[in-house]
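The values are calculated or read from the model by the stated rules, or taken from the named source; none is laboratory data. Note that the coordinates shown come from a computational prediction; the quantities given were computed from them, not determined experimentally. FYI the Cβ positions are ideal-geometry reconstructions off the backbone, even for glycines, and counts take in every protein chain you see. For the accessible areas, the whole protein counts, side chains as well, though only heavy atoms, and no ligand, DNA or RNA atoms are used. Shrake-Rupley method; radii C 1.70, N 1.55, O 1.52, S 1.80 Å.
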Amino acid sequence: MSVITITSENFETEVLKSDKPVLLDFWAVWCGPCRMVSPIIDAIAEERTDIKVGKVNVDEQIELAQKYNVMSIPTLLVFNKGQKVNQTIGAQPKSEILAMLENL
């Protein structure tokens, strides 16, 4: 499955009402650590059919970033059944990101 661009318009449908757990990457074009994490997020999206993976551009989706208190990027959030269940801030290795998805 490919990465979905998440906006305030599709957030409820794609994240809150998703029948699968959702991994969200809050990022920005100018963010170096975000560019390091991006290929990892893309790979997870291709490898894992049991989850949905989305990216939120914080410069374009200010309301979502504020709603979820994203103060530093990259911030990764995991949602399950409409609830935020996990969060990490900063560039993480693939193993740490996958560990966020365990026990869902």
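Quick look at the values:
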read-out: Qualifying residue in segment 50-61 (condition: surrounded by 19 or more Cβ atoms within 10 Å (Cβ to Cβ) and over 12 Å from the mean Cα position of the chain (by Cα)); value: yes
read-out: Single match in Asp19, Asp42 (criterion: touching a residue at least 12 places away in the same chain (Cβ under 8 Å), surrounded by fewer than 18 Cβ atoms within 10 Å (Cβ to Cβ) and outside any strand (DSSP E or B)); value: Asp42
read-out: Residue tally, condition in contact (Cβ under 8 Å) with a residue 60 or more places away in the chain and part of a loop (DSSP other than H, G, I, E, B), over segment 55-80; value: 0
read-out: Checklist (1) out of contact with any strand residue (DSSP E or B) (no Cβ under 9 Å at 6 or more places or on another chain); (2) open to solvent by 50 Å² or more (accessible area, probe 1.4 Å); (3) under 24 Å from Glu102 (Cβ atoms); (4) touching a residue at least 24 places away in the same chain (Cβ under 8 Å) applied to Met1, failing item; value: (1)
read-out: Test: residue in segment 88-97 that is open to solvent by 70 Å² or more (accessible area, probe 1.4 Å), farther than 18 Å from Cys34 by Cβ and either touching a helix residue (DSSP H, G or I) at 6+ places or on another chain (Cβ under 7 Å) or part of a helix (DSSP H, G or I) (or both); value: yes
read-out: Subset tally (residues that are under 20 Å from Ala43 (Cα atoms) and either open to solvent by 30 Å² or more (accessible area, probe 1.4 Å) or of a type in the set (Ser, Thr, Tyr) (or both)) for segment 4-16; value: 3
read-out: Segment 45-54, residues that are in contact (Cβ under 8 Å) with a residue 12 or more places away in the chain, more than 18 Å from Leu16 (Cβ to Cβ) and not in a loop (DSSP other than H, G, I, E, B); value: Ala45, Glu46
read-out: Hits in segment 69-87 (condition: surrounded by 15 or more Cβ atoms within 10 Å (Cβ to Cβ) and over 26 Å from Asp19 (Cβ atoms)); value: Ile73
